[in-house]
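Since every read-out is calculated from the coordinates, none of them should be taken as a lab result. The shown structure was predicted, so the numbers you read here are calculated from the model rather than taken from an experiment. Because the Cβ atoms are built from the backbone with ideal geometry, glycine has one as well, and the counts that use them run over all protein chains shown.
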Amino acid sequence: MGCCDEYTWTTTIGDTFKNYFEALYPVTPQAEPIYDLRYKTPKQFKDGKILRTHRAILIIGALDDKNDPASAVIRKAIGPENVKKAKNNPSYRIASHKDRWAEGQTVIYWFGPTRSELLKTVSKDYQEIMKQFNKADTDFFIQQIYAPGSNVDATNAIFENFKIDLKIPRDFTLANIDSTSVWLRRETNKTSSNIFITTLPMADSTALNPENHKRIRNQLTKIYFSTHIEDTYMQIDDEVLPIYYQEMTFDKKEALQARGLWKMFNDFMGGSFVTYMIKDPANNRVIILDGFVHAPGQKKRPQMRKLDMIFSTFSS
């Protein structure tokens, strides 16, 4: 939830903020924003029920605006000394408060000494705000995903076969496991979430680049994933939306993340996927962690986020 005065929300500061925080989540069949943004005026913000029912609250204001209730909330929260600090220290623009009005809640105060300085920080420091909210979101999802417990048998089987630690939630079941791969799935009446793990020898053909990723994933999914209809198989669908690639570090290892869409050839199925190709030089291999969802008529982002949270428990 975002709170600021209506003038701030409807002018350049608000437009800049929305440009970043309403950007699209990569990559889903239908457009879904990174965040479900809900705007509240300072008057609405006083509703105690609203304060208690949001896990993430962002309050934005210029500290010198004496007529803005949102700015008054910020001044009171950070205190007079920090108001002075904000005027003298251009790097001090963000403060946070945990469990402010509800357990597990993150409140972030985003401010500048003046409106012009507020615009500067909104343009410059938005990634830090996202980082803090994503961290809080990750902590929440991890607790939620593993609250019922873990699938110890699946977790142990993955380690025994691949020497990979990956904490599998209890509601995921082993669909298939052999000496080269493992497939886990979570089925509900509306969604299907899947995890596929394999390893490949380290070679030029498994170097971390987009061309190799696309070729390898299509080869693997053609072998392992089909439907009850004859001659069906899963492939990457990048005709409309391109695959989103990002080089990264995963468990202190060089990795390539890929996000895109998949479709089932000769059948009417599709959805979103995420792949992590992780270089493991100590064992002369490349580890493939792949997650995909099939959720017709449902938002894909929440399910993809949960798969990312599971993958965040990886180590080897």
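Extension gain for Lys163-Ser315 works out to 53.8 nm (0.36 nm per residue, less the C-alpha to C-alpha distance). Going through [x] 71, 44, 35; [y] 68, 42, 38; [z] 62, 44, 37, the figure that equals Cα extents along the principal axes in Å as computed for the structure here is [y].
Based on every Cα atom in the range 2-144, Rg and the maximum pairwise Cα distance Dmax equal 14.9, 49 Å. In this simple spin-label approximation, Thr10 and Asn156 carry label points 7 Å from Cα along the Cα→Cβ vector, and these lie 6.3 nm apart.
Based on Cα atoms of the range 70-122, Rg over Rh with Rh as the Kirkwood radius reads 0.99.
Going by C-beta contacts inside 10 Å, put Trp110, Trp9 in order with the fewest on the left. Could you put the intermediate results ahead of the total?
Details: Trp110 23, Trp9 19.
Result, fewest neighbours first: Trp9, Trp110.
Using a 10 Å cut-off around each Cβ, can you sort Trp101, Trp262, Trp183 from fewest to most neighbouring Cβ atoms? Numbers along the way, then the final one.
Values: Trp101 14, Trp262 23, Trp183 18.
Fewest-to-most ranking of Trp101, Trp262, Trp183: Trp101, Trp183, Trp262.
For the range 73-179, a Kirkwood radius taken over Cα pairs fed into Stokes-Einstein (25 °C, viscosity 0.890 mPa s) yields D = 141 µm²/s.
Qualifying trypsin sites (Lys or Arg not before Pro) in the range 128-186, where qualification requires a DSSP coil assignment and no more than 16 other C-beta atoms within 10 Å, comprise Lys163, Arg170. Short-range pairs are left out: with C-alpha atoms under 8 Å and at least six residues apart, the relative contact order of the range 2-144 is 25 percent. Over 27 Å apart: what share of the alpha carbon pairs of the range 151-311 falls there, rounded to a whole percent? Beyond 27 Å sits 19 percent of the P(r) for the range 151-311.
So between Asp238 and Glu187, what do we pick up on full extension, going 0.36 nm a residue minus the alpha carbon distance? Write out the running numbers ahead of the final one.
On the way: separation 51, 0.36 × 51 = 18.36 nm, distance 2.57 nm.
Here the answer is 15.8 nm.
The aspartates and glutamates within cross-link reach of Lys87, meaning a Cα-to-Cα straight distance under 14 Å and a gap of 8 or more places when in the same chain, are Asp64, Asp65, Glu117.
Given 10 °C and 1.306 mPa s, how large is the Stokes-Einstein diffusion coefficient of the range 250-316 in µm²/s, with Rh as the Kirkwood radius over Cα pairs? Can you show the working numbers first?
Values: Rh = 13.2 Å.
Using the Kirkwood radius from Cα pairs, D works out to 121 µm²/s.
Helix 69-78 and the long axis of the chain differ in direction by around 80°, with both axes built from C-alpha atoms. Over all Cα atoms in the range 121-211, the spread is summed up by Rg and Dmax: 17.6, 52 Å. Taking one equal scatterer on every alpha-carbon of the range 235-289, how large is log10 of I(q)/I(0) by Debye at q = 0.12, 0.16, 0.29 1/Å? Result of the Debye calculation: -0.35, -0.56, -1.08. Taken about its Cα centre, the chain carries a charge dipole of roughly 1220 debye when the Cβ of each Lys and Arg holds +1 and the Cβ of each Asp and Glu holds -1. Using only Cα atoms, find the angle between the long axis of helix 126-146 and the longest principal axis of the chain, and express it within 0 to 90 degrees, rounded to the nearest 10. The answer is roughly 50 degrees. Relative to the globular-protein estimate of 2.2 N^0.38 Å, the Cα radius of gyration of the range 1-83 stands at 1.22.
Please find the FRET efficiency linking Gln298 to Lys85, where r is the Cβ-Cβ separation and R0 is fixed at 30 Å, and quote it to the nearest 0.05. If you can, show how the numbers build up before the last one.
Values: r = 46 Å, r/R0 = 1.53.
That pair, Gln298 with Lys85, gives E of 0.05.
Computed from Cα positions, the angle between helix 152-162 and the longest principal axis of the chain comes to roughly 60 degrees. Straight-line reach from Lys124: which lysines have a Cα under 16 Å away, not including same-chain ones fewer than 8 places off? Cα-Cα hits under 16 Å: Lys18.
Taking label points 7 Å from Cα along the Cα-to-Cβ direction, Ala207 and Lys46 give a separation of 6.4 nm.
Neighbour counting of Cβ atoms within 10 Å sorts the residues Val122, Val240, Val83, fewest neighbours leading, into Val240, Val83, Val122.
Counting only residues at least eight positions apart within a chain, or on another chain, the lysines with an alpha carbon under 21 Å from that of Lys190 are Lys263, Lys299, Lys300, Lys306. Only helices enter the 222 nm calculation for the chain: every DSSP H run of n ≥ 4 contributes -39,500 (n - 2.57), and dividing by all residues gives -10500 deg cm²/dmol, rounded to 500.
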